[in-house]
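Nothing in this text is a laboratory measurement; each read-out follows from the coordinates by a stated rule. Quick caveat, the model's predicted, so the values are computed rather than measured. In this analysis, Cβ positions are derived from the backbone assuming ideal geometry, glycine residues included, and neighbour counts consider all displayed protein chains.
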Amino acid sequence: MPRPDLASLELLVAVADRGGIGAAARSLGVSQPSASARLRALERQLGLALVRRTTHGSILTGEGAAVVGWARVTLGAVQELVDGAAALRGERRRRLRVGASLTVAEHLVPVWVGTLTAREPDVSVTLEVGNSIAVARSVRSGTVQLGFVEGSRAPAGLRSRAIRKDELLLVVAPTHPWAQRGVTPTELAGTPLVMREQGSGTREVLVRWLAGLGLAPTVAMELASTTAVVHAVGAGVAPAVVSRLVVARDIAEHRLVRVPIRTPAGEAVTLARNIRAVWAGPDVPSGAAGSFLRVAAARPSEPAAGR
């Protein structure tokens with residue numbers, strides 16, 4: 001059997017990640033007819049139907065999904081080979097592409113980058129920022145080598161490592177009635193909130209927790225920026241549930257007030273989530289990605305392991 005070329009495998013993976021041939025073609029900078037022809041050639045090579053074309057677009061067959069899984073491993077191994085060859089050539093700069101959710105990008109990544117570059121000054125880091133779903137998509141497509149996401153579960157199809165816990169807090173403006181008392185989950189669900197957009201890890205944790213109680217949040221305003229959410233709360237628009245990392249200073253300086261959430265029996269509720277590193281390919285990232293992961297996973301009081 002002829003061996004499939006890497007470009008065809010990359011195209012098939014892009015179809016899985018982008019949800020169709022047209023979107024995959026655009027992401028790779030090729031025409032849709034050329035992408036369709038390449039996929040048909042790949043199907044003939046493998047003797048398998050990989051993509052089912054419907055009136056609503058194209059979806060992977062069961063065989064196609066299996067081949068995508070193998071293709072990801074293959075492409076990851078090739079990238080590792082390329083990175084390793086570059087290191088052997090003695091390139092002066094090792095380039096690392098990192099993706100991170102907004103909270104992680106604003107409050108944690110700068111510290112990690114500073115620590116890494118102090119230890120390994122030959123590493124150059126480029127950061128892509130988006131919500132957790134967007135970051136996972138970029139890791140799957142190979143746009144970034146290492147991602148950091150929030151949420152209650154690890155993204156499907158990627159390797160991951162929980163690197164730290166993050167607590168979510170309910171906050172209000174000092175003039176809000178809740179600033180003087182706690183609230184129950186039912187009160188929280190019944191009150192319009194300022195919330196992040198769909199795909200945000202913060203929103204996913206809140207929605208999942210309330211759903212477990214048979215409740216759902218009410219949206220007063222939906223914003224794509226954590227900073228915008230905090231400003232809206234401070235302006236008295238509505239309460240919000242946000243990361244402690246984001247509002248610790250605002251609470252300490254009395255611009256916002258933390259509101260305890262308590263069950264009807266008076267028990268305190270803690271909303272926590274994991275911040276996870278995610279990557280595709282080998283069990284453990286190598287090269288600059290491995291170095292960055294070790295820095296991120298180190299406790300604040302302990303040094304990151306060397307190369």
Exercise. Nearest 10 degrees, 0 to 90: what angle lies between the long axis of helix 287-297 and the longest principal axis of the chain (Cα atoms)?
Worked result: 20
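Which shape class applies to the range 1-76: rounded if a/c is under 1.5, otherwise prolate when a/b exceeds b/c and oblate if not, where a ≥ b ≥ c are the square roots of the Cα gyration tensor eigenvalues?
Since a/c stays below 1.5, the shape of the range 1-76 is classed as rounded.
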Problem set entry | Segments 37-48, 210-221 sorted - mean Cβ within 10 Å per residue, highest first | 37-48, 210-221
Seminar exercise, completed: As a percent rounded to 5, the proportion of antiparallel DSSP bridges among beta bridges in the chain is 60
Problem set entry | Angle between the chain longest axis and helix 6-18 axis [Cα atoms, degrees, rounded to 10] | 30
Seminar exercise, completed: When the charge dipole of the range 45-143 is computed with +1 on Lys and Arg Cβ and -1 on Asp and Glu Cβ about the Cα centre, the Cα farthest towards its positive end, among 134, 77, 67, belongs to 67
For this session: Enter the Cα centre distance for the pair the range 73-136 and the range 151-224, rounded to the nearest angstrom.
Result: 29
Exercise. To the nearest 10 degrees, how steeply does helix 62-88 sit against the main Cα axis of the chain, on a 0 to 90 scale?
Worked result: 90
Exercise. Quick one, which of [x] 1.04; [y] 0.99; [z] 0.95 is the actual Rg/Rh (Cα atoms, Kirkwood Rh) calculated for this model?
Worked result: [x]
Problem set entry | Of 154, 228, 169, farthest towards positive along the dipole that unit charges on Lys, Arg, Asp, Glu beta carbons give the range 108-263 | 154
For this session: State to the nearest 20 debye the size of the charge dipole of the range 92-307 about its Cα centre, where the only charges are +1 on K and R beta carbons and -1 on D and E beta carbons.
Result: 740
For this session: Pairs of Cα atoms under 8 Å, at least six residues apart: use those to get the relative contact order of the range 2-97, whole percent.
Result: 26
Problem set entry | Length-normalised contact order of the chain in % [C-alpha pairs under 8 Å, at least 6 apart] | 20
Exercise. Of the listed peptides 262-275, 71-84, what is their order by residue-averaged count of other C-beta atoms within 10 Å, with the highest listed first?
Worked result: 71-84, 262-275
For this session: Quote to one decimal, in nm, the extra length available between residue 6 and residue 28 on full extension: 0.36 nm per residue of separation minus the C-alpha distance between them.
Result: 6.6 nm
